[in-house]
Amino acid sequence: MQIFPGRQIVLTRVEDVEISTVELPRLPGDDRVLYETCIFPDDGLSDVVARYDSETAAARGHADIVAKIQQPKG
């Protein structure tokens, strides 16, 4: 699932949810590199859940979010 032209860092599927972490496109005149994790449930809704300022932080944050989603509900 590619919504905008960001570079995919990690994509994980857990049951009926995709968790996607991408490098965001840079804005003109802005040399910062930013990353974002979004959750895409199969119901069509989506939610930005975190932003990061390094690829390492983005990969760690993605893994943390996946672990939370994988926790048993109850």
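The values are calculated or read from the model by the stated rules, or taken from the named source; none is laboratory data. The structure presented is a predicted model; accordingly, all values stated were derived computationally and were not measured. As a convention, Cβ positions derive from the backbone with ideal geometry for all residues, glycine included, and neighbour counts pool all protein chains shown. Accessible surface is based on the protein model in full, side chains and every heavy atom, while ligands, DNA and RNA are left aside. Shrake-Rupley method; radii C 1.70, N 1.55, O 1.52, S 1.80 Å.
The table that follows gives values for the structure above.
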quantity	calculated
Residue tally, condition part of a strand (DSSP E or B) and among the small types (G, A, S), over the stretch 8-51	2
Qualifying residue in the stretch 52-73 (condition: assigned to a strand (DSSP E or B) and either surrounded by 12 or more Cβ atoms within 10 Å (Cβ to Cβ) or in contact with a Ser or Thr (Cβ under 6 Å, 6 or more places away or on another chain) (or both))	yes
Matching residues, the stretch 20-42, being touching a residue at least 12 places away in the same chain (Cβ under 8 Å) and open to solvent by 80 Å² or more (accessible area, probe 1.4 Å)	R32, D42
Condition met for V17 (in contact with a Pro (Cβ under 8 Å, 6 or more places away or on another chain) and surrounded by 11 or more Cβ atoms within 10 Å (Cβ to Cβ))	yes
Count - residues of the stretch 51-74 that are without any contact (Cβ under 8 Å) to a residue 40 or more places away in the chain and either in contact with a Lys or Arg (Cβ under 8 Å, 6 or more places away or on another chain) or within 22 Å of D31 (Cα to Cα) (or both)	6
